[in-house]
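Data block below; observations after.
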Amino acid sequence: MNDTPTGETVELLRQLIRNQCVNDGSVASGQEARNSDTLRAYLEGSGLDIDVYEPDGAPGRASLVTRIEGTDPAAPTLCLMGHTDVVPVTPAHWTRDPFGGEVVNGEVWGRGAVDMLNLTASQAVALKTLARRGWRPRGTLVYLACADEEAGGALGAGHVCKRHWDALRADYLLTENGGTVTAHDGQLNVTVHVGEKGVAWRRLRVKGTPGHGSMPYGADNALIKAAHVVTRLAEYRPAPYVSDLWRGVVAALDLDAAAKEALVDPSRVDEAIAGLPASLARSAWSATHTTLSPNMCRAGVKTNVIPDVVDIEVDIRTIPGDNEDEVRRHLDKALGDLSEEVAVEKLFSKQASVSPTGTPLWDVLGRVVDRHYPGAKLLPRLIVGFTDAPYFREHGAVAYGFGLFSRALTAEAMSGRFHGNDERIDVESLALTTQAWLDTCELFLG
Ligand SMILES: [Zn+2]
């Protein structure tokens with residue numbers, strides 16, 4: 001089966017996992033040139049021109065681009081994009097070697113198996129399969145295997161979109177990560193991600209007055225002030241955001257009618273979420289609110305010195321429409337009178353972005369899904385994390401997160417494996433995804 005498209009996807013995925021392109025957020029990490037070399041070696045010899053881009057000052061952070069040129073300049077260009085980096089692991093918490101790429105009981109194991117070397121590999125296999133056939137489509141097919149997605153993508157998709165857009169010129173993008181199948185009242189739904197929340201990472205600096213730890217009475221201790229700041233951030237409840245996308249998601253949930261009604265009523269949604277099972281509540285809350293999570297804190301120099309400065313880092317994820325000013329308003333509201341005590345520094349910002357459904361590509365994805373899951377409907381969703389898709393939306397492209405997985409790989413299993421322990425994917429899902437890219441390219445560009 002090694003020379004079937006699925007067999008090639010399995011083998012390529014195993015190699016990409018073994019290359020261990022772990023991105024810890026530092027410029028020296030990742031070293032995606034290893035995966036880019038593997039992909040180049042795989043794609044070479046099928047008549048494709050391959051370009052590799054590396055930003056200045058970031059050696060080894062390579063992104064690869066190749067394309068099958070269309071015959072009709074008026075036809076659309078579709079880009080398949082996969083990232084080649086993965087997040088770090090704690091090997092002690094894994095049942096198997098996270099970088100072994102082992103195949104056990106029909107599953108490929110390793111960091112990146114679902115996020116997202118599976119898609120990166122299957123996209124490359126689809127492209128090569130089409131190139132080998134001498135396929136001459138009307139529209140152009142582009143493949144981008146990019147570095148650095150796990151740290152925001154500035155050295156990968158961000159760099160290529162900003163500096164080498166000419167190599168992409170995509171009207172449409174498919175990337176991570178839809179394709180999970182859910183069933184409700186006999187209706188199958190396949191998720192397609194059409195948008196994502198924004199990111200606003202902020203550092204809050206709280207100041208005090210230093211003093212001797214033996215005399216704390218009446219002291220201006222920055223850490224005590226910071227503790228109040230953290231508590232207020234944790235207790236803050238921004239107004240809910242009930243969109244059509246959310247209504248669609250709720251309609252497909254396995255809940256009774258009354259619970260569903262409450263979940264789409266802005267005056268009752270917060271209370272309704274509180275009554276849901278924990279994991280559903282967590283995702284429902286993030287889908288309907290801007291969230292503020294204080295995740296890092298640095299303070300103090302010595303046990304007997306009252307600290308005069310504390311830095312708190314807050315991971316803020318914004319709903320569509322919340323811009324930089326709105327982020328500031330959220331912080332001011334959350335902190336109340338403490339707001340004056342806090343200096344806010346911007347660390348990283350990205351606005352929420354959403355692509356429309358009802359495009360020609362949307363119709364094609366519906367047909368592709370129907371071939372494998374007859375009668376299934378596409379379920380558009382807003383994702384609460386971030387991907388590289390916004391770099392393309394900034395250029396006016398319509399971007400979706402797609403893929404196609406087996407019924408066995410449930411949305412719940414999927415989310416547990418994302419950045420989690422024992423990350424793995426079943427070969428059936430790899431077969432479905434590989435075929436889905438092939439079908440999509442042929443129907444959309446053919
Ligand atoms: Zn990813």
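Would it be correct to say that Tyr400 is touching a Leu at 6+ places or on another chain (Cβ under 7 Å), aromatic (Phe, Trp, Tyr) and closer than 30 Å to Gly110 by Cα? The answer is yes for Tyr400.
Across the range 269-285, the number of residues qualifying as of a type in the set (Asp, Glu) and surrounded by 14 or more Cβ atoms within 10 Å (Cβ to Cβ) comes to 1. Taken together, the criteria exclude Ala259 from residues that are more than 22 Å from Leu188 (Cα to Cα), part of a helix (DSSP H, G or I), over 22 Å from the mean Cα position of the chain (by Cα) and at pLDDT 95 or above.
Does Gly106 satisfy the criteria of being closer than 19 Å to Thr71 by Cβ and more than 16 Å from the ligand (Cβ to nearest atom)? No, not satisfied.
Residues in the range 162-204 that are closer than 30 Å to Asp311 by Cβ, more than 16 Å from the ligand (Cβ to nearest atom) and assigned to a loop (DSSP other than H, G, I, E, B): there are none. The number of residues in the range 29-73 that are assigned to a loop (DSSP other than H, G, I, E, B) and crowded, with 24+ Cβ neighbours inside 10 Å comes to 4. Is there a residue in the range 70-79 that is hydroxyl-bearing (Ser, Thr, Tyr) and closer than 18 Å to Glu11 by Cβ? No, every residue in the range 70-79 fails to be hydroxyl-bearing (Ser, Thr, Tyr) and closer than 18 Å to Glu11 by Cβ.
Yes/no per residue for (1) assigned by TED's automatic domain parsing to the domain that holds Leu168; (2) modelled with pLDDT of 95 or more; (3) outside any loop (DSSP other than H, G, I, E, B):
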| position | (1), (2), (3) |
| --- | --- |
| Gly375 | yes, yes, no |
| Ala399 | yes, yes, yes |
| Ala413 | yes, no, yes |
| Thr434 | yes, yes, yes |
| Cys441 | yes, yes, yes |
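For the range 419-440, filtering for residues that are within 16 Å of the ligand (Cβ to nearest atom) and farther than 25 Å from Ala157 by Cβ leaves 1.
Residue count for the range 165-178 satisfying the condition of being at pLDDT 95 or above and out of contact with any Asp or Glu (no Cβ under 8 Å at 6 or more places or on another chain): 9. Being part of a loop (DSSP other than H, G, I, E, B), within 13 Å of the ligand (Cβ to nearest atom) and surrounded by fewer than 22 Cβ atoms within 10 Å (Cβ to Cβ) is the filter here, so list the residues in the range 151-161 that pass it. Within the range 151-161, just Gly152 meets the criteria.
Taking Leu263, is it without any contact (Cβ under 8 Å) to a residue 40 or more places away in the chain, within 22 Å of Val194 (Cβ to Cβ), surrounded by fewer than 18 Cβ atoms within 10 Å (Cβ to Cβ) and of a type in the set (A, V, I, L, M)? Here the answer is no, as Leu263 does not meet what is asked. The residue of the range 112-150 that is farthest from the chain's Cα centre (by Cα), among those that are hydroxyl-bearing (Ser, Thr, Tyr) and either within 16 Å of the ligand (Cβ to nearest atom) or at positive phi (or both), is Ser122. Scanning the range 306-334 for residues that are closer than 24 Å to Thr209 by Cα and either within 27 Å of the chain's Cα centre (by Cα) or in a strand (DSSP E or B) (or both) yields a count of 8. Checked against (1) crowded, with 18+ Cβ neighbours inside 10 Å; (2) over 17 Å from Val192 (Cβ atoms); (3) within 16 Å of the ligand (Cβ to nearest atom), Gly416 meets all criteria but (1).
The values are calculated or read from the model by the stated rules, or taken from the named source; none is laboratory data. Here the structure is a predicted model, which means the values were calculated and not measured. We place every Cβ from the backbone using ideal geometry, glycine too, and count neighbours over all the protein chains shown.
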